[in-house]
Structures are given as C-alpha cells and as structure tokens.
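What follows draws every value from the coordinates through simple rules; no lab data is involved. Keep in mind the model is a prediction, meaning the values are calculated, not measured. A quick note on method: Cβ atoms are made from the backbone with ideal geometry, for glycine too, and the neighbour counts reach across all protein chains shown.
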Amino acid sequence: MLKGVDPLLSPELLKVLAEMGHGDTVALVDANFTATTLGRGKPVLRLPGVGLARAGAALLSVLPLDVAERPVAFMAVGGEPDGYRSALQRQLIALCVDSGGAAAEQCEAVERYAFYERVRGAYAIVQTGELQPYANFLFSKGVLTGDGEAGTAPRTAAERGQTPYGAKAGG
C-alpha cells in the first residue's frame with residue numbers, strides 16, 4: 001500500500017500510467033466493450049466489479065489531463081440527440097472538471113465507430129465492471145510542471161527560482 005494513492009490503482013495500472021507519455025491516451029471502458037479485440041498489442045487491465053465512476057475517480061486522482069483542446073472523449077449514446085449525456089457520462093465529466101483537468105466543453109462526444117478507431121490508437125485499455133452501455137471514455141495524458149501541477153510543459157529551474165541543481169537561487 002502507498003500513502004495517498006487510491007487502493008484501486010494496482011501496481012500494474014500505476015506502471016502503465018507512469019509509462020504513458022504526454023499525449024498518450026488511456027481508454028476507460030465498460031464491461032461490454034470489445035477491449036480484447038481493440039486492445040491487441042497493448043495493455044488491457046481489468047477492474048471487474050468496479051463501476052466506471054469509481055474507476056474514473058481513481059484514475060483521475062493521479063493522471064494529469066492534457067491541456068489540448070479536447071483531452072477527454074466519450075462514446076456518444078446511439079439514438080439520442082446531439083448533446084445528450086447519460087447521468088453516468090455527466091458524472092465522469094464532472095469528475096474531470098472537479099479534478100481541474102478539463103472544462104466540460106473540452107469533453108467531446110464521439111460516435112461509436114469513430115470512438116473504436118480512437119481506442120485502437122490508445123496506449124492502454126482499462127476495462128471496468130460497469131454494465132451501463134456507452135460508458136466509455138478516453139483520457140489524454142498531460143504533463144506535470146516542476147512543482148507537481150498539471151501544465152503545458154515542465155517549468156525550468158530558473159522559473160522555479162532554483163539553480164539547475166535544485167538549490168534556491170540567491171541562497
């Protein structure tokens with residue numbers, strides 16, 4: 001166990017998230033998602049019995065989201081009008097906003113088959129035990145600044161008021 005790390009985040013999942021680079025995506029998907037087929041050649045981790053909201057909260061507790069225009073994508077619910085969001089989708093979008101990672105407008109609904117194509121390019125897939133259809137998200141990893149906050153790029157030592165070796169400048 002680690003202090004401050006959600007116990008739902010297994011060593012394998014933490015390893016995969018740490019290996020991801022800036023701009024890599026991780027798919028967080030429901031129990032019915034075709035994870036094995038679309039995940040050929042990439043890590044597919046399973047969280048059986050865990051709902052999407054719980055898994056999303058754990059993931060977003062350690063994953064900085066990209067500052068790109070659309071760092072979050074989710075599968076649009078088929079047969080519903082544009083702009084429709086299920087209660088679960090609204091909950092995950094709120095988690096993204098609450099984590100400070102993305103504004104609601106930065107969370108993009110993607111048609112089912114287009115979403116499948118995006119998942120083919122993902123770094124990894126995390127399959128939950130969520131039974132609600134269309135409960136599938138993609139998160140694009142951002143970067144941390146030198147002070148541990150999410151940002152566009154690491155801050156330089158000079159911007160942090162430090163010499164290149166970590167000592168405070170002028171002291």
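Of the trypsin sites (Lys or Arg not before Pro) in region 32-68, the ones in a loop by DSSP (not H, G, I, E or B) with at most 10 other beta carbons within 10 Å are 40. Evaluating 6.51 cos²θ - 1.76 cosθ + 1.60 at θ = phi - 60° for every residue in region 74-79, the Karplus couplings come out as 9, 6, 5, 6, x, x Hz, glycine and proline recorded as x. For region 57-117, chymotrypsin sites (Phe, Trp or Tyr not before Pro) are listed when DSSP marks them as loop and at most 15 other Cβ atoms sit within 10 Å of their Cβ; the list is 84. Computed from backbone phi, the HN-Hα couplings of region 123-135 come to 6, 8, 10, 10, 9, 8, x, 4, 9, 5, x, 6, 9 Hz, rounded to whole numbers (Karplus: 6.51 cos²θ - 1.76 cosθ + 1.60, θ = phi - 60°; Gly and Pro given as x). Remark: region 24-39, residue by residue, has Karplus-estimated 3J(HN,Hα) of 5, 10, 10, 9, 10, 10, 7, 5, 8, 5, 7, 5, 5, 5, 6, x Hz, where x stands for each Gly or Pro and the curve is 6.51 cos²θ - 1.76 cosθ + 1.60 at θ = phi - 60°.
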